[in-house]
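Report on the following structure.
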Amino acid sequence: QVQLVESGGGLVQTGGSLSLSCAASGSISRIGGMGWFRQAPGKQRELVATITSSGYPNYAHSVKGRFTVSRDNAKNTVSLQMNSLVAEDTAVYYCNADILSHSPVRRIEVWGQGTLVTVSA
């Protein structure tokens with residue numbers, strides 16, 4: 001069984017910074033792309049940032065220049081550094097990973113449980 005566990009959410013003021021982390025654990029052979037998505041109240045889940053296994057990032061237009069995604073392949077973790085936060089960034093943030101498990105052998109898309117980020121005025 002494979003799982004993703006996020007940490008680092010919380011309350012921050014407008015203009016502040018917050019860092020999220022996500023660790024993958026379990027029966028893992030290899031991890032492909034990893035990333036972060038978010039879902040604000042009453043809205044659909046949307047992509048925030050992704051990063052390939054070789055470290056190439058991709059960002060949503062709304063966060064480009066403010067957020068930085070990174071990963072540590074040795075530790076099976078992905079992080080999201082969020083700067084210059086605004087109220088529109090308030091959402092539940094979900095970690096996502098494309099994982100090849102070894103017991104059983106299969107490719108699966110795994111989601112974390114989500115962590116709430118609240119940006120106050």
Along the Cα-to-C-beta direction of TRP111, a point sits 7 Å from the Cα; which residues of region 1-32 have their amide N less than 13 Å from that point? 4
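When the accessible area of region 2-121 is computed with all protein chains present and a 1.4 Å probe, what percentage of it is carbon and sulfur?
51
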For the chain, give the share of DSSP beta bridges that are antiparallel, in percent and rounded to the nearest 5; count only bridges with both residues there. 90
With every protein chain kept in place and a 1.4 Å probe, the chain has an accessible area per residue in Å² of 53
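The values are calculated or read from the model by the stated rules, or taken from the named source; none is laboratory data. None of the values given here were measured: they were computed from a predicted structure. Positions of Cβ are backbone-derived with ideal geometry, glycine not excepted, and every protein chain shown enters the neighbour counts. With ligands, DNA and RNA removed, areas are computed over all heavy atoms of the protein, side chains included. Shrake-Rupley method; radii C 1.70, N 1.55, O 1.52, S 1.80 Å.
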